[in-house]
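A.B. asks: Okay, here's the structure, questions in a sec.
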Amino acid sequence: MKFKAQLDSELARVRRALEAWRKTRKHRQPIPESLWTQMAALARAYGVSPVAQVLRLDYYQLKRRAAEVPERQVSGAPKFVELKFPSSAPGFCVAELEDQRGRKLTLRWGAAPGPELLGVVQAFWSQDQ
């Protein structure tokens, strides 16, 4: 739900800018690079098809431009997170994870985490990404 609300909000903002440009453009004038940059970043983050449909763009041109967007423009999320645990973690431990789409995972365990924690975290982050 959070994912869709964020997509709708960002698409509405870019759609207004694109429609304003379409109303004032001269015949056969290309879309400004600043708009292409925003639309390509949205397509990279949320998918080419939904963005192309809402903004009424050529799917293949948007796909090509989205592929050119550097990864860092799409997301400020870290690619690597290091977790340090003391060798003897006392009592009860909790880790809470949330991805860009708003999905959450809470892990609770009673001892220091073992290598199985890494597998669970990797599985969570790789879901439908």
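The values are calculated or read from the model by the stated rules, or taken from the named source; none is laboratory data. If you're wondering where the values come from, they're calculated on a predicted model, not measured in any experiment. Backbone-built Cβ (ideal geometry, glycine too); neighbour counts: all protein chains shown.
A.B. asks: Among the residues of region 14-49, what is the count of those that are touching a residue at least 12 places away in the same chain (Cβ under 8 Å) and within 16 Å of Val69 (Cβ to Cβ)?
C.D. replies: The number of residues fulfilling the criteria is 15.
A.B. asks: What helices (runs of 4 or more DSSP H), lying completely within region 1-81, carry at least 3 residues that are in contact with a helix residue (DSSP H, G or I) (Cβ under 9 Å, 6 or more places away or on another chain) and modelled with pLDDT of 90 or more?
C.D. replies: 2-24, 33-46, 48-55, 59-68
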